[in-house]
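Structure, as structure tokens:
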Amino acid sequence: MARKFDAVILGAGAAGLMCAIEAGKRGRRVAVLERAEKIGKKILISGGGRCNFTNIYCTAENFISANPHFVKSALARYTQKNFIALVEKHRIPYHEKTLGQLFCDRAASDITQMLEEECRAAGVQIFLNQEIQEVRKATEFLVKTGPDEFRAPALVVAAGGLSIPKIGATSLGYEIARQFGVKIQKTRPALVPLTLNAKDQRNYFELSGVSMEVVAQTNGPAFREKMLITHRGLSGPAMLQVSSYWEPETPVSIDLAPGRKVISAVTQAKTRTESVLKNAFAGILPKRFADRWIELHQPKNWTNEALVEFEKSVHRWEVVPSGTEGYEKAEVTAGGVDTDELSSKTMECRNVPGLYFIGEVVDVTGHLGGFNFQWAWASGAAAGRSL
Ligand SMILES: Cc1cc2nc3c(=O)[nH]c(=O)nc-3n(C[C@H](O)[C@H](O)[C@H](O)COP(=O)(O)OP(=O)(O)OC[C@H]3O[C@@H](n4cnc5c(N)ncnc54)[C@H](O)[C@@H]3O)c2cc1C
């Protein structure tokens, strides 16, 4: 059966639903086609089940893209304040956890319910369990899903990235881009734990579960957040943040005691011993980590020079990760549809009128902290308002 709409949106995630709401509110007949049995599965698992839905301090600097200016227009026209107003209109209780990150007090399902209600009010039709078999363009776009056919003059691709295939991520968005000759920036897992080489793994795996505040940096800005040792490597917010900038075979520099001086107590001590050094780490590093660090970096003969070197090592642990934990564990996919191909105002393809890409499938990756959802809302609203 052929159904006719003003716009067909592929993917009922954060970006697709926001786009549908904005277009529906403007009287457009909108169909959202979703492969899963329910909407917003990633929203439901996000933020540890509480959805870090935006960030108070969101600016263009919180995003990685081949063109760092691309995000500005959409972010300015649908801001964090706009989304917070929507959350408040639905009386969803929320709180700031840290660094401007806003989370639901109750559960992420508050956000999916809100989006569902908004879709209903805007007359949006959502079709679940849709297996997309073919996408074509003649005078209009045609999307085939088994026995059904959806036709519309506009097609919005909001199918997300490759991260977490277990909950249904597919490469549909990139395939459609290729089909229509739209360029793609190479994709890679981002906001993902880093793995250590075999030697470092042997040295540190027993400390799995230990976490500490560090400053970490690689090929980009420095992040002062928690780092967590895992069985396979390094995780926690600081490492997830730098993973988005990390390039294979390059080091990550980690300051294990930011702003603190460790060796003063030792240089001033009558006798310079391991136990004095261990005590000097009290309140700076978790004991188990400090003990292992001293074991591996014992100052040679306890000379002044050796102690200075030791201090340097604490502030500049140069780790060359062996890799990442991949799309299975990545929160997002970096790279994607090249922003040069899109209008930054509407997300429409410059060379394929009526075809739009929004959300994670685009080469825009937010830092950890609610920025990826803010991009999904903002790019979704940008497209929805121009349909
Ligand atoms: C574990 C985890 C926690 C996260 N926590 C946060 C957080 O707290 N804050 C934050 O800002 N970001 C978070 N993120 C990132 C955030 O979830 C994404 O950036 C955001 O969901 C992207 O929105 P999107 O609409 O582009 O894609 P998605 O939300 O992934 O939506 C894409 C939709 O398209 C559907 N789809 C895919 N393929 C097909 C197909 N072939 N046919 C039809 N439909 C298809 C999918 O089922 C999905 O519903 C988290 C990610 C993960 C994995």
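Computed over protein heavy atoms with a 1.4 Å probe, the accessible surface of the chain works out to 44 Å² per residue.
From most to least packed by mean Cβ count within 10 Å, the peptides 354-361, 187-194 give 354-361, 187-194. In order along the range 342-347, phi translates into HN-Hα couplings of 10, 6, 6, 8, 10, 6 Hz, rounded to whole numbers, per the Karplus curve 6.51 cos²θ - 1.76 cosθ + 1.60 with θ = phi - 60° and x for Gly and Pro. Legend: calculated FRET efficiency, Arg224 to Glu249, from the Cβ-Cβ distance at R0 = 22 Å, rounded to 0.05, equals 0.30.
Among Lys41, Lys300, Lys329, the order of accessible area from largest down is Lys300, Lys329, Lys41, computed with a 1.4 Å probe on protein heavy atoms.
Zone of Gln125 (label point 7 Å along Cα→Cβ, backbone N under 14 Å): which residues in the range 9-35? Answer for this model: 9, 28-34. Annotation: amide H of Val362 within the under-5 Å range of Val337, sequence separation 5 or more or interchain, hydrogens built in the peptide plane. Expressed as a whole percent, the accessible area of the chain that falls on carbon and sulfur atoms is 49 (1.4 Å probe). The protection proxy used here, the mean number of other Cβ atoms lying within 10 Å of each residue, ranks peptides 339-351, 91-103 as follows, highest first: 339-351, 91-103. Normalised by the number of residues in the chain, the mean separation of alpha-carbon contacts (under 8 Å, six or more apart) gives a relative contact order of 26 percent.
Distance between the pseudo-spin-label points of Lys144 and Glu305 (7 Å out from Cα toward the beta carbon): 7.6 nm. Accessible area per residue (1.4 Å probe, heavy atoms of protein chains only) ranks Thr195, Thr79, Thr59 as Thr59, Thr79, Thr195, with the largest value leading.
The values are calculated or read from the model by the stated rules, or taken from the named source; none is laboratory data. Just so it is clear, the model here is predicted, and its values are computed rather than measured. Please note: Cβ atoms are built from the backbone with ideal geometry, for glycine as well, and neighbour counts cover all protein chains shown. Areas reflect the complete protein model, heavy atoms only, side chains present, ligands, DNA and RNA absent. Shrake-Rupley method; radii C 1.70, N 1.55, O 1.52, S 1.80 Å.
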